Amino acid sequence: MTHYALLIDGQLQTAEHLDEVLDPATEQVVGYAARASEAQVDAAVEAAQRAFAAWAADPQARRHALALAAAILRENSQQIAELISLEQGRPVRFTLGEVAGAAATFDHYASFETPPAEVLRDDEQRLVRIERRPLGVVAAITPWNVPIILLVLKLAPALHAGNTLVAKPSEHTPLSTLLLGHLLKDVFPAGVLNIVAGDGAIGERLSRHPQVRHITFTGSVATGKNLYAGAADDLKRLTLELGGNDAALVLADADIPAIAESLFWGAFWNSGQVCFAIKRLYVHQSLFEPLVAALVARAEKTRLGSGLDPDTELGPLTNRQQLERVKALVADARAHGAVVHTGGTQPDGPGYFFAPTIVSGIAAGVALVDEEQFGPVLPVIAFDDVEDAIRQANASPFGLGASVWTRDVARGEAIARRLDAGLAWVNQHLDVHPGAPKGGYKWSGLGYEGGLRGYDAFSDLQVINIARR
Ligand code: ADP
């Protein structure tokens, strides 16, 4: 059984403790992750701090290394994709897409030109210019649902901007990130990229280290709030990509046969374990029956299975905790009178599988509607008046994504603008343009990831002001 080592100061390091990582489809051990000690976390941050000055001074070397990282990901895409699939559960056809997306992200930053310094004044008396300066050591803390792309979306811009980095993957899916460290070991100078694994306590140790200047985090709202509070003492910068409870609004003129497949995948891709998946579906009363029928038919022909089986469409939940949460939400919804049109059960056999589930008969006030389920269960809620649907969609502490489905695109756009969501779609959900800044309103996050706004988070500004006379 393979052991996966940490990457600290350019060296692969094992650890005193090894953590078992399970395949969620079989509950068998996939491999062992070295669990960093507190001393190893500190050593990683200190190595990153030592590597910072030389790395910050050489933009050419940075671009070259990022291009090399893209090539290495492509060469090893099958191996990385299979390991993600084994520890996370998603079918390989989708994890291959994740690795391709990560390679494209490295490529994007390899050729990305830092926007030029802005000159505010340049005359015989004064030169006033705004420049960017990297921050220093960045801590990147990532979740278990899409482990590699979520890391690379942080890593590539952070390193491009001249920072060094210590990454900590989720304890549920550390292996693919540790494999990435192994593959990229010689791509970056020692200390520029470090990877430590472990649980939340190790994440906390990392995030509170005095030499960490910026924390970039994707994960739960609870941990995000913790990090925000913990960063206050030292005024560390931070970017938080947190949960969502995305609403999709299907208007009375929507073409159900044309959109049912997209709605299904918008809710169920990765077994619903996506921060901006459709988590509440509001549909005009006149289309309620045909929409539910179409979703039930699609759910019932879905092939559940191991991610390694090429026929699988949906894998299991990634860990037992998440399966138990989804089961509890469905039980609570039933206790509140929900109608379960299909699914609602855990199939026999090993693994954290849950059948794709369509529920109706509940509304705000029930946890499955109010909270983020992060699993393959979709509540469908009928509305009469679109104003009421907009109000319900916005009545949430979350504000990540939202979508409107209609044949009248102009009306769809007008309604999308009124939804409290950093990502607002018309006739689609989930698609994110690589240049787009992703950010959530309210409890869904702080700051942006991607695009120029995301890139800006990895620098401070410095105003150079020179008296000429
Ligand atoms: P989830 O509940 O989906 O696992 P978390 O927010 O708990 O989401 O986990 C996301 C990442 O944050 C993981 O890498 C986890 O180990 C890490 N983490 C959990 N608690 C803390 C904490 N207090 N400080 C820093 N990182 C943490």
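The values are calculated or read from the model by the stated rules, or taken from the named source; none is laboratory data. Everything numeric here is computed off the predicted structure, so don't read it as measured data. Quick reminder, even Gly has a Cβ in these numbers, built from the backbone with ideal geometry, and neighbours come from all protein chains shown.
Of everything listed in (1) away from the ligand (no atom under 14 Å from the Cβ); (2) small (G, A, S); (3) surrounded by 24 or more Cβ atoms within 10 Å (Cβ to Cβ), the single unmet condition for G272 is (1). Looking at L317, is it within 16 Å of the ligand (Cβ to nearest atom), crowded, with 20+ Cβ neighbours inside 10 Å, in contact (Cβ under 8 Å) with a residue 60 or more places away in the chain and in the same structural domain as L368 (by TED's automatic domain parsing)? For L317, the condition - within 16 Å of the ligand (Cβ to nearest atom), crowded, with 20+ Cβ neighbours inside 10 Å, in contact (Cβ under 8 Å) with a residue 60 or more places away in the chain and in the same structural domain as L368 (by TED's automatic domain parsing) - is met.
The single residue among R74, R63, R132 that is in a helix (DSSP H, G or I), in contact (Cβ under 8 Å) with a residue 40 or more places away in the chain and either farther than 27 Å from G203 by Cβ or hydroxyl-bearing (S, T, Y) (or both) turns out to be R63. Looking only at region 246-262, residues that are crowded, with 24+ Cβ neighbours inside 10 Å and either within 11 Å of the ligand (Cβ to nearest atom) or of a type outside the set (A, V, I, L, M) (or both) come to 1 in all.
Kindly evaluate D420 against the criterion of being assigned to a loop (DSSP other than H, G, I, E, B) and at pLDDT 95 or above. Break it down stepwise before answering.
Values: assigned to a loop (DSSP other than H, G, I, E, B): yes; at pLDDT 95 or above: yes.
When the stated conditions are applied, D420 passes them.
Kindly indicate the residue of region 92-137 that is of a type in the set (D, E, K, R) and within 23 Å of the chain's Cα centre (by Cα) and also modelled with the lowest pLDDT among those meeting that condition. The extreme case among them is R93. Exactly one residue out of G243, G305, G266 is within 30 Å of I80 (Cα to Cα), within 16 Å of the ligand (Cβ to nearest atom) and either in contact (Cβ under 8 Å) with a residue 60 or more places away in the chain or not assigned by TED's automatic domain parsing to the domain that holds H209 (or both), and it is G243.
In region 136-229, which helices (runs of 4 or more DSSP H) lie fully inside it and hold 3 or more residues that are within 8 Å of the ligand (Cβ to nearest atom) and surrounded by fewer than 24 Cβ atoms within 10 Å (Cβ to Cβ)?
Counting at least 3 such residues, we get 200-207.
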